[in-house]
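In what follows, a structure is listed as structure tokens, so that the remarks can point back to it.
The values are calculated or read from the model by the stated rules, or taken from the named source; none is laboratory data. Predicted model only: the values in this text are computed from it and were never measured. Every residue, glycine as well, gets a Cβ built from its backbone with ideal geometry; the counts of neighbours run over all protein chains shown. Note: accessible area is taken over every heavy atom of the protein model, side chains too, but ligands, DNA and RNA are not part of it. Shrake-Rupley method; radii C 1.70, N 1.55, O 1.52, S 1.80 Å.
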Amino acid sequence: MPKNQHRRVGYAYNPTYTRLADLLPSNVGRATLVDDLIQSYDLITRCDDIISPCLASKDQLTAYHDSKFISYLLNEEGVTYSDSDSKSESESHSNAESSLPHEDVDRRLQKRYGLEFDCPVFDGLGKYVQAISGTTIACARYLTARNSSKDAKQRVAINFHGGRHHASKAKCSGFCYVNDIVLGILELRKTFEKILYIDLDLHHGDGVETAFAHSNKVLNISLHRHDVGFFPGSGSSKFCGKGRGQNYTINLGLRSGLNDTSLRRILGDVIHPAFKRFQPDAVVLQCGADGLARDPSKEWNLSIRGLCSVIIDIIDFGKPTLLVGGGGYNHADAARLWCLVLGELLVGREATERWDMIPEGSRRIQEYASDGYAYFPDEVRTIDDLNTKDNFLDRIVENTKLRIAKIDHTT
Ligand SMILES: [Zn+2]
């Protein structure tokens, strides 16, 4: 098979990290599914480098996050969180008297820090947030380490278990406990002046937007489903950044039914022109898989090959690129997407075009049984792309072009 000639690809992997990433309550077990599929194509051994996952220190986490919030998440002495939710009823009852005052305090803190509803406390939370963040930071360092003239290849670093774009400075939100993307961008900024952040997740990348809304060094492009009552509610196309950061936030608030054709149009008419105008030194790409047609959210209608090809085309802009995962609640399809991305980078499209059935060697092959073990099941639904109605997408694209023209590429 052809060896990847012009890129150097690093994939963040070790089995302990996969198990820690598996703990995320909204996606229990997804990391194992992703890494198993990748291994069944023998892609780990084909990577140019394995990036060692590591645990972020408190100092690294507080480069963005609030110190007390992080102490609480890490379960540091004096700010312990109750794990009563994860204990059996009898265990909780037997500890009830001794732990009551702590629990009262804990409940208040948990509410303040957003540790409720879709972000419950879970066993291993501290290690989980350290691992996700430390690994995205390690990926950023993999990109910034390229300073030898002998190493002229484009570097691509991948942490598919990161991409927690909703977390804010002192609050968990939307299945995101800490914002590894913000931490990764801050790490990249130590070396690279200008960063282009692109968020392909179904949901608005509100946490990343807030972190860099005032910056003219981070151009933030998020395309997402946007409607009254649709999580997280932010991401209106009207918001374009604040102060010095004005015009450095581009939101494409989209309707339901987005298909491959519309996504490709956004790539050609918005993302690529913004890249050319801004001239970033590095790119960070959030590859959320919840816009895929069979995601339980049933909002967008993207195919695995369609979304993958847009991801690859963005990597082919040629800058050092950090890829992270994100949403994706049909775990098998998220695994198919991310494995295909890695496959195209390492063995090329000609080889992946021959991918047909999930390899028999996959330890999780039963997860694909309902699709007859097909790699590319019939995915897209016969629904309208409402973005193409009433010239909606035309208007968004035209407005965005005006915004892009205001980006000062000399900053
Ligand atoms: Zn999402």
**Request:** For LYS389, work out the one condition from (1) under 25 Å from LEU24 (Cα atoms); (2) charged (D, E, K, R); (3) assigned to a helix (DSSP H, G or I) it doesn't fulfil.
**Result:** (1)
**Prompt:** Can ILE314 be described as open to solvent by less than 10 Å² (accessible area, probe 1.4 Å), more than 16 Å from the ligand (Cβ to nearest atom) and either assigned to a strand (DSSP E or B) or touching a Lys or Arg at 6+ places or on another chain (Cβ under 6 Å) (or both)?
**Reply:** no
**Request:** Specify the residue that is nearest to the ligand (Cβ to nearest atom); the eligible residues are those in the stretch 283-294 that are in a strand (DSSP E or B) and closer than 16 Å to ILE315 by Cα.
**Result:** GLN286
**Request:** Being within 16 Å of the ligand (Cβ to nearest atom) and part of a loop (DSSP other than H, G, I, E, B) is the filter; apply it to the stretch 181-205 and report the residue that is most open to solvent (accessible area, probe 1.4 Å).
**Result:** HIS203
**Fill in**
Screening GLY235, GLY245 for residues that are on the phi > 0 side of the Ramachandran plot, at pLDDT 95 or above and touching a strand residue (DSSP E or B) at 6+ places or on another chain (Cβ under 9 Å) leaves only GLY235
**Request:** Out of the residues in the stretch 378-398 that are at pLDDT below 95 and not hydrophobic (A, V, I, L, M, F, W, C), state the one that is surrounded by the fewest Cβ atoms within 10 Å (Cβ to Cβ).
**Result:** THR382
**Request:** Evaluate the following for PHE160: is it aromatic (Phe, Trp, Tyr) and open to solvent by less than 10 Å² (accessible area, probe 1.4 Å)?
**Result:** yes
**Message:** Just the residues that are surrounded by fewer than 18 Cβ atoms within 10 Å (Cβ to Cβ) and of a type outside the set (Val, Ile, Thr), please, taken from the stretch 8-22.
**Reply:** ASN14, PRO15, ARG19
**Among (1) in a loop (DSSP other than H, G, I, E, B); (2) under 20 Å from VAL9 (Cα atoms), the one test that VAL178 misses** = (2)
**Asked** Which of the residues that make up the stretch 256-273 are closer than 18 Å to ASP384 by Cα and either away from the ligand (no atom under 16 Å from the Cβ) or open to solvent by less than 20 Å² (accessible area, probe 1.4 Å) (or both)?
**Response** GLY257, LEU258, ASN259, ASP260, THR261, SER262, LEU263, ARG264, ARG265, ILE266
**Message:** Looking at the stretch 58-68, can you tell me whether even one residue there is outside any strand (DSSP E or B), among the aliphatic types (A, V, I, L, M) and at pLDDT 95 or above?
**Reply:** yes
**Asked** Got at least one residue in the stretch 216-239 being buried (at least 20 other Cβ atoms within 10 Å of the Cβ), assigned to a loop (DSSP other than H, G, I, E, B) and more than 16 Å from the ligand (Cβ to nearest atom)?
**Response** no
**Asked** In the list ASP42, ASP36, ASP49, which residue meets the criterion of being within 20 Å of LEU337 (Cα to Cα) and either among the hydroxyl-bearing types (Ser, Thr, Tyr) or in contact (Cβ under 8 Å) with a residue 12 or more places away in the chain (or both)?
**Response** ASP36
**Asked** Considering only the stretch 352-367, how many residues are in a helix (DSSP H, G or I) and either open to solvent by 10 Å² or more (accessible area, probe 1.4 Å) or closer than 17 Å to ASP201 by Cβ (or both)?
**Response** 3
**Prompt:** Take the residues of the stretch 41-63 that are over 17 Å from ASN159 (Cα atoms) and among the acidic types (Asp, Glu): which is most open to solvent (accessible area, probe 1.4 Å)?
**Reply:** ASP59
**Request:** Go through the residues of the stretch 326-347 one by one and say whether even a single one is over 23 Å from ASP201 (Cα atoms) and either more than 16 Å from the ligand (Cβ to nearest atom) or in contact with a Ser or Thr (Cβ under 8 Å, 6 or more places away or on another chain) (or both).
**Result:** yes
**Fill in**
Within the stretch 279-293, residues being surrounded by fewer than 21 Cβ atoms within 10 Å (Cβ to Cβ) and in contact with an Asp or Glu (Cβ under 9 Å, 6 or more places away or on another chain) number 1
**Prompt:** From LYS298, LYS276, which residue is surrounded by fewer than 24 Cβ atoms within 10 Å (Cβ to Cβ), more than 19 Å from VAL34 (Cα to Cα) and within 16 Å of the ligand (Cβ to nearest atom)?
**Reply:** LYS298
**Request:** Look at VAL341 and say whether it is within 22 Å of PHE160 (Cα to Cα), buried (at least 21 other Cβ atoms within 10 Å of the Cβ) and not polar (S, T, N, Q).
**Result:** yes
**Message:** Looking at the structure I just gave you, is PRO280 assigned to a helix (DSSP H, G or I) and modelled with pLDDT of 95 or more?
**Reply:** no
